[in-house]
C-alpha cells in the first residue's frame, strides 16, 4: 500500500463519488475502482457494500476509513514539520472562493505573497458559496473564502476582513444625483438581487426586513459581475459589496449611494476543514490575510 492508495480511498469516501475522487487525483473512474478492489484484495475484506444503491461502507470499510484518515493526517503532519525544520515555504495552495472575494479582495494578497514566497504556487477556483464549503469539506481544496461564514463542527472559520454593503445605481437612475439615500428613497424603485441561496442575498433580505422595505427583485444573479452589468444598464438598484465597485465608481459607470444612518458590514472569512494539517505556506498566507490587510491594500500598485 502506498500513501496515494489511502488518499484516493479517503477522497472516494468523503465525496461518495467515483468521478469526484478520480478528478481530485487526476485519474480515471476505472482507476479508482481498481484501487478499491486492490485494497479489498490486500486486506482481504469487503470495503463497500455493493448491494446498496447508495454508496455505503461495510463495517470493515468504516474501520479502514478512520484508520486511513489517521495515516493521512500523520503523513501530512510529518511533511509539514519537515518543511518547517528546513524553513521551506513552497508547494501549492489550492483555494476555492466566491467570485466577489476572488476577483476583488484576494488578488492583492496573492500578488504580495508570491513576491515574498516565489516558490509557492497558488491555484484559485471561483465557485458559489455552498460549493466552496463542499470543496473544503471534501478536501478538494486547502482553503475556502466566503462571506457571512457559518460555523459548523467540521469547519475552522478564520475572519480576515469586513467589507460594506452599499446601494448602487446607474448614472441614468433618478437617484443618481444624491450623495446618500434614505430607506424611503428606495421605495418604488426596481431592485436587483443575488440568487436566494447566496449568503449576501440572505443578508440583504434581512436588511430590507429591518428597514421595513418590501422590495421584490426583478432580476436575480449568481455572481456580482453579472449583477453589476445589469445595474449599469439601469435595470434597477442593488446592494453590493463596496470593494467590488471601486473601478466602476471611478469610471463613472456606477453610482454609489451610501444608506443614510446605516453601516452594513459584510464579514469575510477563510475556512478550512477542522483537523487539517496546514503546510508552512498555508500558515503564512493565513497570517498575511489576517494581520496585514491594511499594509497590503494601502500598498500602491505598479
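Every number here is computed from the coordinates shown, using simple stated rules; none is lab data. Being a predicted model, the structure only gives us computed values, none of them experimental. Note that we place each Cβ from the backbone using ideal geometry, even for glycine, and neighbour counts take in every protein chain shown.
Considering only DSSP beta bridges with both partners in the chain, what is the antiparallel share in %, to the nearest 5? List each step's numbers first, then the result.
Details: 22 of 38 bridges.
Around 60 percent antiparallel, to the nearest 5.
Expressed as a rounded percentage, what relative contact order does region 3-84 have, with Cα pairs under 8 Å and six or more residues apart? Mind showing how you got there, number by number?
Details: 64 pairs, mean separation 21.0, N = 82.
It comes to 26 percent, rounded to a whole number.
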Cβ crowding within 10 Å averaged over residues, with 47-60, 267-280 ranked highest first = 267-280, 47-60
Longest to shortest principal axis, alpha-carbon extents of region 151-192, angstrom = 47, 19, 17
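Beyond 21 Å, what share of the Cα-Cα pairs of region 129-222 is found? Please give it as a whole percent.
Distances greater than 21 Å cover 47 percent of the Cα pairs.
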Please give, to one decimal in nm, the separation of the simple spin-label points placed at residue 154 and residue 225, each 7 Å out from Cα toward the Cβ.
-> 2.9
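Taking Cα atoms of the chain, Rg/Rh with Kirkwood Rh, to two decimals? Each step should come with its number before you reach the end.
Details: Rg = 23.2 Å, Rh = 21.9 Å.
When Rh is taken as the Kirkwood radius, the ratio is 1.06.
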Which of rounded, prolate, oblate describes region 162-266, given a ≥ b ≥ c as roots of the alpha-carbon gyration tensor eigenvalues and a/c under 1.5 marking rounded, otherwise prolate only if a/b is larger than b/c?
-> rounded
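Provide the FRET efficiency to the nearest 0.05 for the residue 212-residue 84 pair, computing r from the beta carbons and using R0 = 51 Å.
Details: r = 54 Å, r/R0 = 1.07.
Taking R0 as 51 Å, the efficiency between residue 212 and residue 84 is 0.40.
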For region 151-302, share of DSSP beta bridges that run antiparallel, in % to the nearest 5 = 75
Between residue 28 and residue 121, what length comes free when the chain is fully extended (0.36 nm per residue of separation minus the Cα-Cα distance, one decimal in nm)?
-> 31.0 nm
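Report the semi-axes of the equivalent ellipsoid for region 3-84 in whole Å, largest first, where each axis is √(5λ) for an eigenvalue λ of the Cα gyration tensor.
Values: eigenvalues 105, 45, 24 Å².
Output for region 3-84: semi-axes of 23, 15, 11 Å.
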